[in-house]
Amino acid sequence: MASARNQHEEGQGHGARAASPEFVAKVERLLGLIRPAIQDDGGDVELVSVTDDGLVRIRLHGACVGCPSAHMTLHHGIERTLRSELGESIRVEAIS
């Protein structure tokens, strides 16, 4: 999977800057805890970018693409986990 450490190449959006490398590492670690469950269902998740205002952009792969449950996975799985560990200001957005 590509790393979000080179996130300046993908648009950060609306004037937000890239998050600190330490914060990005925390997000990557948490996604690493979630990833096995997603992979068990034939999908995967890639961290694309993290902004300093808490926007986490991910890309879903495999069975997640086009899956009717992808929205639930995104918001009730990934976003809820990140918010519980990193704060309520975290927002997760899937990009293609």
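A short reminder: the numbers here are calculations on the coordinates, not readings from a lab. None of the values given here were measured: they were computed from a predicted structure. All Cβ positions, even for glycine, are placed from backbone atoms using ideal geometry, and neighbour counts span all protein chains on display.
Quick notes on this one:
- Annotation: amide H-H contacts under 5 Å for residue 18 (H modelled 1.01 Å from N, sequence separation of 5 or more, or interchain): 52.
- For segment 28-95, the relative contact order works out to 32 percent when only alpha carbon pairs closer than 8 Å and six or more residues apart are counted.
- Scanning residues 5 or more positions from residue 65 or on other chains, none has an amide H under 5 Å from its amide H, with H placed 1.01 Å from N in the peptide plane.
- Stokes-Einstein D (µm²/s) once Rh is taken as the Kirkwood radius of segment 15-94 over alpha-carbon pairs, at 20 °C in 1.002 mPa s: 170 µm²/s
- Exposure proxy for 50, 27, 56, 65: other Cβ atoms within 10 Å of each Cβ, ordered fewest to most, give 65, 27, 56, 50.
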